[in-house]
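Beneath this line is the structure, given in structure tokens, with notes to follow.
The values are calculated or read from the model by the stated rules, or taken from the named source; none is laboratory data. Predicted model, so just to flag it, every value in this text is computed and none were measured. What goes into the accessible areas is simple: the full protein's heavy atoms, side chains included, and nothing from ligands, DNA or RNA. Shrake-Rupley method; radii C 1.70, N 1.55, O 1.52, S 1.80 Å.
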Amino acid sequence: MVATLAVSAGARFADAASCALPPTLRIAAEERGILDHGGAALVAAAPSACGLETGDVIRQANGLRVESCADLERAAAEAMAKGLVLLLAVEREGHLLGIAATTPAIDSRVAARADGEAQAARPRPMPQPVPGNAAPAPTPALAAVVTPRPRRAAVLPPRGDVSADLRRRAATAGAALARVDDAARPGVPIVVYERRLGDAEAAIAALEFGVGDAESAVRDFVEEAVALHRTARDVRRTQLAMLSHSGVDRRVSAVTALPYFSDSRVPEWVAAYPFLQATLLEPPHETRMPIPGEVAGRWDPDRALEFLWDHARAATAELTTWARA
């Protein structure tokens, strides 16, 4: 996504102060005064393994605007405390990019879960009988498949059964969801998308839908639309983490399929939203060589996002039309 830069490529910086970031994040940033415009900017001081390049201007960290070392240090400390990826929105040569800074511990968890593109066929060992004891009950080679439990489709009540105030609150919820829909595009950094979603959740929570039949029906419909965006957010996080771990740069490589195991979140998403079944390119399967285990399947996260966003937009449009009719 092309953005108008507040810091031009030729901006002149004053003396810099280094940010005190956790060493395990493996990123270096400086707070630099801008001679041409006044004020300050956060600038990457060195290239890093997560994709930062020297001179990148850091604009957001985990959805929050950062303008000083203190801002970035607080965001980094919170991410470390919660074991989260530090998602940065940076400006580089006229473009706004999303970059994930991770710690070795987070990388290890991602590796254990996704195992990367190159190791997708690694078998998972099966339990072996303990010598001298009876053999344990047979264990299936594949992890237990999630029982399909599609989310219950929410239905708006007849307009004649609702008050004008309820329609007004529904319209407010629709407007909040429309802002999230506007950011539901592949080119929008995930930090922007997550910020829009958080703002919508806060606005909807403030509407305080009641417990009556009509109020509950509208609340459930709005919650279903929000849930679609939450799932899309989780798909993007998983996709970003796996690509970051495998070293793939989405700017120069079009990756259309990623590995998944039967105990990952992918089957959960498909169980909740059966229309995502079309995103599964190849299911995980059993292997017995060299040892019994499971070989990863493959799925298309980009297509999953497309489906989720299409359903979310349709829900927003239905809610808005119902509230205004």
>> At 1.4 Å probe size, what's the solvent-accessible area of ILE58? Round to the nearest 10 Å².
In response: 0 Å²
> How big is the equivalent ellipsoid of the stretch 33-92 along its three axes, where each semi-axis is √(5λ) from the Cα gyration tensor, reported in whole Å from largest to smallest?
Replying inline: 21, 14, 9
> Ranked from the most accessible area to the least, with a 1.4 Å probe and all protein chains present, what is the order of MET242, MET80?
Replying inline: MET80, MET242
>> Tell me the accessible surface of ARG26 in square angstrom (1.4 angstrom probe, heavy atoms of protein chains only), to the nearest ten.
In response: 110 Å²
> Given a cut-off of under 8 Å on Cα pairs at least six residues apart, what relative contact order in percent is computed for the stretch 173-230?
Replying inline: 40 percent
>> Once you order the gyration tensor axes a ≥ b ≥ c over the Cα atoms, which shape class does the stretch 159-241 get: rounded for a/c under 1.5, otherwise prolate or oblate by comparing a/b with b/c?
In response: prolate
